């Protein structure tokens with residue numbers, strides 16, 4: 001098996017931001033993303049996901065280190081002040097590197 | 001005890017279970033389904049009524065209602081800012097919530113009238129759509145001014161293509177195009193089950209309301225008073241507007257209820273995107289934690305009394 005190291009960006013944030021974040025990811029050159037519903041608790045309180053206004057999502061993007069940094073900085077600048085948002089990156093290994101970066 | 005509608009008991013049951021921190025919850029897909037059915041049913045009923053009368057005769061009424069939709073948030077904004085001491089963004093956001101309407105409250109008012117066999121103009125559903133939108137625009141302008149930063153196309157997309165307005169409009173059009181006889185084949189799902197669906201919806205609303213009560217303590221007395229006094233004043237304005245439009249007692253009471261209600265679906269979503277610096281907990285605590293339960297438990301019977309007294313004085 002031939003593994004290639006690359007990066008994973010995980011964003012946990014308010015469901016209200018979904019369409020704007022997809023737009024941001026695509027504009028900055030992300031080739032794909034995965035979105036799941038999420039719930040939990042953080043500095044902005046309990047987000048139980050029981051209805052629209054307190055629903056959370058988890059967005060995952062696999063891409064190269066440069067784009068990961070660019071995305072993380074962009075999100076921090078644009079959303080951290082006013083939205084519940086947690087972002088973290090991790091190292092991952094993938095089998096088909098061309099699928100995730102140009 | 002018999003005078004309390006069973007659907008209200010469902011709300012109180014949800015409130016109780018939530019306050020007791022019970023594990024009870026409606027699966028979120030079921031909640032989505034239930035609110036979708038309510039929105040479509042309300043739209044369909046309004047649409048059938050529109051099929052019965054020439055649309056042009058409603059235009060003056062619609063214009064006045066839209067005008068009031070712009071006016072209501074402007075009335076409360078200065079109070080929030082100067083008496084409540086909220087910052088500009090929070091004041092604008094709360095004002096937008098109260099200028100807009102709550103479909104859940106409207107549905108309870110409709111059920112109240114049906115139970116008591118009180119006639120009302122079914123095209124009130126159209127007013128729900130009309131009242132939903134202007135307050136959002138006023139709220140954004142109050143918070144941001146007419147700045148170029150506001151992405152009006154995003155706002156428009158969010159507001160007009162959001163779930164609430166789309167389902168209502170879809171129901172209105174389908175009801176309008178199909179007419180009373182056409183809709184008969186789907187009436188078992190939408191009309192016969194209306195109150196059962198509403199009961200489930202109110203159960204979940206009770207649970208959601210209970211979850212807001214925690215923040216009440218944090219934000220204090222002003223919000224509580226504001227959340228009760230505003231619907232009272234707006235219901236008087238609504239009653240006057242209903243009389244000016246020549247509505248029936250039932251129609252006037254429902255219009256008063258619409259004016260008194262505060263949004264908790266369309267406006268929070270729009271404000272989150274367009275005025276992100278506003279604290280969503282403040283407006284939701286007021287609209288869901290105080291105004292929604294006040295309206296469905298005490299408000300609707302009160303507005304009904306108000307509408308019939310006002311009509312009696314005039315006649």
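So how many residues does segment B:231-272 have that are touching a strand residue (DSSP E or B) at 6+ places or on another chain (Cβ under 9 Å) and away from chain A (no Cβ under 14 Å)?
0
Looking at residue A:72, is it crowded, with 16+ Cβ neighbours inside 10 Å and either assigned to a strand (DSSP E or B) or touching a strand residue (DSSP E or B) at 6+ places or on another chain (Cβ under 8 Å) (or both)?
Against the criterion (crowded, with 16+ Cβ neighbours inside 10 Å and either assigned to a strand (DSSP E or B) or touching a strand residue (DSSP E or B) at 6+ places or on another chain (Cβ under 8 Å) (or both)), residue A:72 qualifies.
Tell me yes or no: at least one residue of segment A:41-62 is farther than 22 Å from residue B:29 by Cβ, touching a residue at least 60 places away in the same chain (Cβ under 8 Å) and away from chain B (no Cβ under 14 Å).
Scanning segment A:41-62, I find no residue that is farther than 22 Å from residue B:29 by Cβ, touching a residue at least 60 places away in the same chain (Cβ under 8 Å) and away from chain B (no Cβ under 14 Å), so the answer is no.
Please state which of the following conditions residue B:192 fails to meet, knowing it meets all the rest: (1) within 14 Å of chain A (Cβ to nearest Cβ); (2) out of contact with any helix residue (DSSP H, G or I) (no Cβ under 6 Å at 6 or more places or on another chain).
Against the list (1) within 14 Å of chain A (Cβ to nearest Cβ); (2) out of contact with any helix residue (DSSP H, G or I) (no Cβ under 6 Å at 6 or more places or on another chain), residue B:192 comes up short only on (1).
Sort out which residues of segment A:5-19 are assigned to a strand (DSSP E or B) and either under 26 Å from residue B:267 (Cα atoms) or modelled with pLDDT under 90 (or both), and write them in order of number.
A:11, A:12, A:13, A:14
Please go through (1) within 9 Å of chain B (Cβ to nearest Cβ); (2) within 13 Å of the chain's Cα centre (by Cα); (3) touching a residue at least 24 places away in the same chain (Cβ under 8 Å) for residue A:37 and return the number of the only condition it doesn't satisfy.
(3)
Looking only at residues in segment B:11-58 that are assigned to a loop (DSSP other than H, G, I, E, B) and under 19 Å from residue B:202 (Cα atoms), which one is nearest to the other protein chains (Cβ to nearest Cβ)?
So, considering only residues that are assigned to a loop (DSSP other than H, G, I, E, B) and under 19 Å from residue B:202 (Cα atoms), the one nearest to the other protein chains (Cβ to nearest Cβ) is B:25.
Is it true that residue B:105 is touching a helix residue (DSSP H, G or I) at 6+ places or on another chain (Cβ under 8 Å), more than 14 Å from chain A (Cβ to nearest Cβ) and either at pLDDT 95 or above or within 22 Å of residue B:303 (Cα to Cα) (or both)?
Criteria met by residue B:105.
Take the residues in segment B:13-34 that are modelled with pLDDT of 90 or more and crowded, with 16+ Cβ neighbours inside 10 Å; name whichever of them is nearest to residue A:39 (Cα to Cα).
In this case the residue turns out to be B:18.
Among the residues of segment A:75-102, write down those that are part of a helix (DSSP H, G or I), more than 24 Å from residue A:41 (Cα to Cα) and in contact (Cβ under 8 Å) with a residue 24 or more places away in the chain.
Within segment A:75-102, A:97, A:99 qualify.
For residue A:49, state whether it is at pLDDT below 90 and at positive phi.
So residue A:49 passes the test.
Yes or no: segment B:273-292 includes at least one residue that is surrounded by 24 or more Cβ atoms within 10 Å (Cβ to Cβ), more than 14 Å from every other protein chain (Cβ to nearest Cβ) and either more than 19 Å from residue A:83 (Cβ to Cβ) or touching a helix residue (DSSP H, G or I) at 6+ places or on another chain (Cβ under 8 Å) (or both).
yes
Among the numbered criteria (1) over 30 Å from residue B:24 (Cα atoms); (2) within 11 Å of chain B (Cβ to nearest Cβ), which one does residue A:15 miss?
(1)
From the list B:246, B:220, which residue is over 19 Å from the mean Cα position of the chain (by Cα) and part of a loop (DSSP other than H, G, I, E, B)?
Of the residues listed, the single one that is over 19 Å from the mean Cα position of the chain (by Cα) and part of a loop (DSSP other than H, G, I, E, B) is B:246.
The values are calculated or read from the model by the stated rules, or taken from the named source; none is laboratory data. This one's a predicted model, so the numbers in the text were calculated from it and none came from an experiment. So basically every Cβ, Gly included, is an ideal-geometry build from the backbone, and we count neighbours across all protein chains shown.
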